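*Asks:* Shown below is the structure under consideration.
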Amino acid sequence: MVCQDGRVVALTGRPLPYAALLLVPMLAAGCATGPAPTWSAPSEDPTAPSSPTAAVTPTPGATPTAGEPEGTGQPGPTATPGRDRLPHVFPVRARKADYHPTHSGYPGTDIFADCGEPVVAVTDGTIGEVSRRDRYDRRGPQGPYNGGLSVSVLGDDGVRYYGSHLTEIAEGIEPGVRVRAGQQLGTVGRTGNANNVCHLHFGISPPCPGEDGWWIRRGVIWPAPYLDSWRKGGNRAPAAEVAAWHRRNGCPAKPPGR
């Protein structure tokens, strides 16, 4: 079951591995209103994965900070020769995990898995924004703190990979720290506005250093075709689609429609 058009609807295709994903009213509470977005798959599909490792190396000169995600002064992604051939892996390391090809309101996806399952870096890169504190309040502003505990990786492919609603963030994961594909960043949880349903919100976007906001970080292109590839051991890369979106849109200074 997923949020769509402000309603809770059943998934088509293979079923989720959970019995009704807890209670339908909990999921319905997080549904956004307005028309559901449309999605079309991009055509890029480079495949040449390499083996991930698990080393953590601080970026020279970086000053790690904790707390809420920062919109300015974040480290930029490192340009890497042959970055289209960087390894990409599925962001949740779990035997049981599922997701829907669309998401309510904007491009992104929710990956449903048990709380406590490992969340890992999708590719080699540098830690960007980190939030170790859940500041979400249902009575407060909706948007800035929806993700609860969250972390992003500024990939060496020039793409930002964002995960939120975490239960915890792994020790040593701070802005400016180097990570490799498959390295654990934290665990699946239900912080923020997750409505008591264990899942990882996963978004893909350009970094937009110095101009960023939550409306970009939460996701600007559909992750599903890439997740489909990574889950099967493929290496479909989103860099070209993200770069095209960035050329068309730049770094919007406010959420769409505001």
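The values are calculated or read from the model by the stated rules, or taken from the named source; none is laboratory data. Predicted, not measured: the structure shown is a model, and the values here were computed from it. We place every Cβ from the backbone using ideal geometry, glycine too, and count neighbours over all the protein chains shown. Surface accessibility is based on the protein's heavy atoms, side chains included, excluding ligands, DNA and RNA. Shrake-Rupley method; radii C 1.70, N 1.55, O 1.52, S 1.80 Å.
*Asks:* Mind checking the log10 I(q)/I(0) for the range 110-209 at q = 0.17, 0.21, 0.22 Å⁻¹? Debye, one equal scatterer per Cα, no solvent, two decimals.
*Replies:* -0.68, -1.01, -1.10
*Asks:* So what is the accessible area of the range 144-258 per residue, in Å², with the probe set to 1.4 Å? Kindly include the intermediate steps, with their values, before the conclusion.
*Replies:* On the way: 3810 Å² over 115 residues.
Result: 33 Å² per residue.
*Asks:* Report the net charge of residues surrounding residue 193, where surrounding means a beta-carbon distance below 14 angstrom and charges are Lys +1, Arg +1, Asp -1, Glu -1.
*Replies:* Numbers: positive: 135, 138, 139, 190, 218; negative: 110, 134, 137.
Residues near residue 193 contribute +2 overall.
*Asks:* Using +1 at the Cβ of each Lys and Arg and -1 at the Cβ of each Asp and Glu in the range 115-258, identify which of 188, 175, 245 lies farthest towards the dipole's positive end.
*Replies:* 245
*Asks:* Which one, 216, 206, 229, projects farthest toward the positive side of the charge dipole computed for the range 177-249 from Cβ point charges (K/R +1, D/E -1)?
*Replies:* Highest projection toward the positive end goes to 229.
*Asks:* Right, here's the next one. Under a point-charge model restricted to the Cβ atoms of Lys and Arg (+1) and Asp and Glu (-1), what is the dipole moment magnitude of the range 80-206 relative to its Cα centre, in debye to the nearest 20? Don't skip to the answer; put the middle values down first.
*Replies:* Values: 14 positive and 14 negative charges, 25 e Å.
The dipole magnitude comes to about 120 debye.
*Asks:* Have a look at the range 89-150 and give its Rg and Dmax from the Cα atoms, expressed in angstrom.
*Replies:* My reading of the Cα-based Rg and Dmax gives 13.6, 38 Å.
*Asks:* Still on this model: Can you pull a Stokes-Einstein diffusion coefficient for the range 173-258 at 37 °C (0.692 mPa s), Rh from Kirkwood over Cα pairs, as a whole number of µm²/s?
*Replies:* Values: Rh = 15.2 Å.
Translational diffusion coefficient: 217 µm²/s.
*Asks:* Give me, ordered by chain and number, the residues 5 or more places off residue 160 or on other chains with an amide H under 5 Å from its own placed amide H.
*Replies:* Sorted by chain and number, the residues that satisfy this are 155, 205.
*Asks:* Taking the Cβ of residue 177 as the centre, find all other residues whose Cβ is under 13 Å away and add up their charges (Lys, Arg: +1; Asp, Glu: -1).
*Replies:* Numbers: positive: 178, 180; negative: 124, 129, 171, 174.
That sum, taken over residues with Cβ under 13 Å, equals -2.
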